[in-house]
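Student: Take a look at the following structure, please.
The values are calculated or read from the model by the stated rules, or taken from the named source; none is laboratory data. Bear in mind that the values here come from a model prediction, so they are computed numbers and not experimental data. We place every Cβ from the backbone using ideal geometry, glycine too, and count neighbours over all the protein chains shown. Quick note on the areas: whole protein, heavy atoms, side chains included, nothing else; ligands and nucleic acids left out. Shrake-Rupley method; radii C 1.70, N 1.55, O 1.52, S 1.80 Å.
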Amino acid sequence: MKSIGLLCSGGDSPGMNCAIRAVVRTAINEGLEVYGIQRGYAGLLEGNIKKLDVSSVGNIIQHGGTILQTSRCPEFKEAEIRKEAAHILKRKKIDALVVIGGDGSFNGAYKLHSEHGIPVAGIPGTIDNDISGTDYSIGFDTAVQTAIDAVDKIRDTASSHERTFIVEVMGRKSPAIALHVGVCTGAENVVLPSEKVNIDEIAADVQRGVKRGKNSSIIIVAEGEKEGLSHEIRENLKSNYSIDSHVCILGHIQRGGNPSGVDRFIASGMGYLAIKNLMKGENSFVTAYRNGNVVAVPFTECLEKKTEYLPQYINLVKTLSI
Ligand code: ADP
């Protein structure tokens, strides 16, 4: 192996730059040439590829986003298009590919390997922490902290005015951010994407708090797949229970910002291991986080979304917010 390509794909997450830096510097240290592919699989198909050197990744460790940019490229699900991508890699003399992204991006990478024999390494990067086979994906800690900071601020004004706030956090399918933010902000209730909204229960939680003299209530809502869920809950609370509430949608601020120490540390370890393992001749693996360590695991273990539901967190939220 003489050269590697590197791309980010899917949603960006804080800490991707730390992984890029680690991949580039470890690879150069091993005597490899490194090619940065801009804008994910779409950029690969366009041949949007440039050589990176040690200083290309200087002064990026502290920045959110990704210097390589990222994209969604639905055509990559077509075998013919992947064949074209494999040709481009071969033509550019790129011997292996490192992909930073989520389970969707990993599916694309794994197919490049299984269909065309290209060695691939996957680095888990998504704020949702929802990739199977790894306890952690880069960006989750920072996104949770960003949401916690925002909810703490909302709690200040909610307490001053004795208000109920419905705070919507990211998570179309994944409950992870909502659950963590709910526990860490002392929320009165958490609404998860997989569940039917139980408006009676939310109202009961708010009313119980008012009765015992609480001067604010926070309901954390995972955005879910349907837009407008938080507003629907607000209208329901008003019309069925005469409870006034305010909606605050945190949105994309949760994707940005300087990566936390946890994200920088794990991303650096994952980038390093990706190259070390490719150099050993491993040709299809993900740098997963398991039991506190970064380890290489087969791609096939990381191609799905995590499905386990974490009811203990809901109980934790409810027990601690009485
Ligand atoms: P994430 O990687 O964060 O899960 P997506 O699911 O949006 O994000 O996937 C990112 C990109 O990965 C897609 O736009 C597509 O290019 C590629 N991809 C997703 N699923 C597949 C698949 N089943 N086969 C091939 N490529 C895929």
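Quick grid of which residues meet (1) closer than 30 Å to Ala96 by Cβ; (2) under 19 Å from the mean Cα position of the chain (by Cα); (3) not charged (D, E, K, R):
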site: Val206; (1), (2), (3): no, no, yes
site: Ser217; (1), (2), (3): no, no, yes
site: Asp244; (1), (2), (3): no, no, no
site: Val286; (1), (2), (3): yes, yes, yes
site: Phe299; (1), (2), (3): yes, yes, yes
site: Glu308; (1), (2), (3): no, yes, no
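Student: Given the structure, is Gly101 touching a Phe, Trp or Tyr at 6+ places or on another chain (Cβ under 6 Å) and of a type outside the set (Phe, Trp, Tyr)?
Tutor: On the way: touching a Phe, Trp or Tyr at 6+ places or on another chain (Cβ under 6 Å): no; of a type outside the set (Phe, Trp, Tyr): yes.
Criteria not met by Gly101.
Student: Determine whether Gly43 is within 16 Å of the ligand (Cβ to nearest atom), in contact (Cβ under 8 Å) with a residue 60 or more places away in the chain and of a type in the set (Gly, Ala, Ser).
Tutor: Working: within 16 Å of the ligand (Cβ to nearest atom): yes; in contact (Cβ under 8 Å) with a residue 60 or more places away in the chain: no; of a type in the set (Gly, Ala, Ser): yes.
So Gly43 fails the test.
Student: Quick test for you: out of Ala147, Ala222, Ala204, Ala176, pick the one residue that is hydrophobic (A, V, I, L, M, F, W, C) and either in the same structural domain as Thr126 (by TED's automatic domain parsing) or surrounded by fewer than 16 Cβ atoms within 10 Å (Cβ to Cβ) (or both). It would help to see each step written out before you state the result.
Tutor: Working: Ala147 fails: either in the same structural domain as Thr126 (by TED's automatic domain parsing) or surrounded by fewer than 16 Cβ atoms within 10 Å (Cβ to Cβ) (or both); Ala222 fails: either in the same structural domain as Thr126 (by TED's automatic domain parsing) or surrounded by fewer than 16 Cβ atoms within 10 Å (Cβ to Cβ) (or both); Ala176 fails: either in the same structural domain as Thr126 (by TED's automatic domain parsing) or surrounded by fewer than 16 Cβ atoms within 10 Å (Cβ to Cβ) (or both).
Sole residue among the options that is hydrophobic (A, V, I, L, M, F, W, C) and either in the same structural domain as Thr126 (by TED's automatic domain parsing) or surrounded by fewer than 16 Cβ atoms within 10 Å (Cβ to Cβ) (or both): Ala204.
Student: Consider segment 74-89. How many of its residues are within 14 Å of the ligand (Cβ to nearest atom) and open to solvent by 20 Å² or more (accessible area, probe 1.4 Å)?
Tutor: Kept after step one, since they are within 14 Å of the ligand (Cβ to nearest atom), are these residues of segment 74-89: 74-86.
With open to solvent by 20 Å² or more (accessible area, probe 1.4 Å) added as a condition, the list becomes 74-75, 77-81, 83-84.
Number satisfying all stated conditions: 9.
Student: Quick check on my filter: what residues within segment 275-322 are surrounded by fewer than 15 Cβ atoms within 10 Å (Cβ to Cβ), within 16 Å of the ligand (Cβ to nearest atom) and in a loop (DSSP other than H, G, I, E, B)?
Tutor: Within segment 275-322, Glu304, Thr307 qualify.
Student: Can we say Val221 is more than 19 Å from Asp200 (Cβ to Cβ) and outside any loop (DSSP other than H, G, I, E, B)? Explain how you work it out, then say what you get.
Tutor: Values: more than 19 Å from Asp200 (Cβ to Cβ): no; outside any loop (DSSP other than H, G, I, E, B): yes.
No, not satisfied.
Student: Being crowded, with 24+ Cβ neighbours inside 10 Å, assigned by TED's automatic domain parsing to the domain that holds Gly36, within 18 Å of Ser9 (Cα to Cα) and touching a helix residue (DSSP H, G or I) at 6+ places or on another chain (Cβ under 8 Å): is that true of Ile127 here?
Tutor: Working: crowded, with 24+ Cβ neighbours inside 10 Å: yes; assigned by TED's automatic domain parsing to the domain that holds Gly36: yes; within 18 Å of Ser9 (Cα to Cα): yes; touching a helix residue (DSSP H, G or I) at 6+ places or on another chain (Cβ under 8 Å): yes.
The answer is yes for Ile127.
Student: Considering (1) open to solvent by 50 Å² or more (accessible area, probe 1.4 Å); (2) of a type outside the set (Ser, Thr, Tyr); (3) within 16 Å of the ligand (Cβ to nearest atom); (4) not in a helix (DSSP H, G or I), say which one Lys51 fails and leave the rest.
Tutor: All conditions are met except number (3).
Student: Just to be sure before I move on: is Gly31 away from the ligand (no atom under 16 Å from the Cβ), open to solvent by 20 Å² or more (accessible area, probe 1.4 Å) and either small (Gly, Ala, Ser) or in a helix (DSSP H, G or I) (or both) in the structure I sent?
Tutor: Working: away from the ligand (no atom under 16 Å from the Cβ): yes; open to solvent by 20 Å² or more (accessible area, probe 1.4 Å): yes; either small (Gly, Ala, Ser) or in a helix (DSSP H, G or I) (or both): yes.
Yes, satisfied.
Student: Report the residue count in segment 90-128 for those that are without any contact (Cβ under 8 Å) to a residue 12 or more places away in the chain and within 8 Å of the ligand (Cβ to nearest atom).
Tutor: Summing the residues that are without any contact (Cβ under 8 Å) to a residue 12 or more places away in the chain and within 8 Å of the ligand (Cβ to nearest atom) in segment 90-128 gives 0.
Student: Given the conditions (1) at pLDDT 95 or above; (2) under 30 Å from the mean Cα position of the chain (by Cα), and given that Glu201 satisfies all but one, which numbered condition is not satisfied?
Tutor: Tallying (1) at pLDDT 95 or above; (2) under 30 Å from the mean Cα position of the chain (by Cα), Glu201 fails exactly one: (1).
Student: Further question: Quick test of your reading of the structure: His252 fulfils all but one of (1) open to solvent by 30 Å² or more (accessible area, probe 1.4 Å); (2) farther than 29 Å from Gly36 by Cα; (3) not assigned by TED's automatic domain parsing to the domain that holds Leu112. Name the failing condition by number.
Tutor: (2)
Student: Can you tell me which residue is most open to solvent (accessible area, probe 1.4 Å) among those in segment 1-19 that are away from the ligand (no atom under 16 Å from the Cβ) and in a loop (DSSP other than H, G, I, E, B)?
Tutor: Narrowing segment 1-19 to residues away from the ligand (no atom under 16 Å from the Cβ): 1-4, 17-18.
From the residues that got through so far, the ones that are in a loop (DSSP other than H, G, I, E, B) too are 1-2.
Numbers: Met1: 89, Lys2: 157 Å².
The residue in question is Lys2.
Student: Let me ask you something else. Checking Ala178 against (1) free of Cβ contacts under 8 Å to residues at least 40 places away in the same chain; (2) part of a helix (DSSP H, G or I): exactly one of these is not met. Which one?
Tutor: (1)
Student: Given the conditions (1) within 11 Å of the ligand (Cβ to nearest atom); (2) of a type in the set (Ser, Thr, Tyr); (3) surrounded by fewer than 20 Cβ atoms within 10 Å (Cβ to Cβ), report the number of the one that Ser137 does not fulfil.
Tutor: (3)
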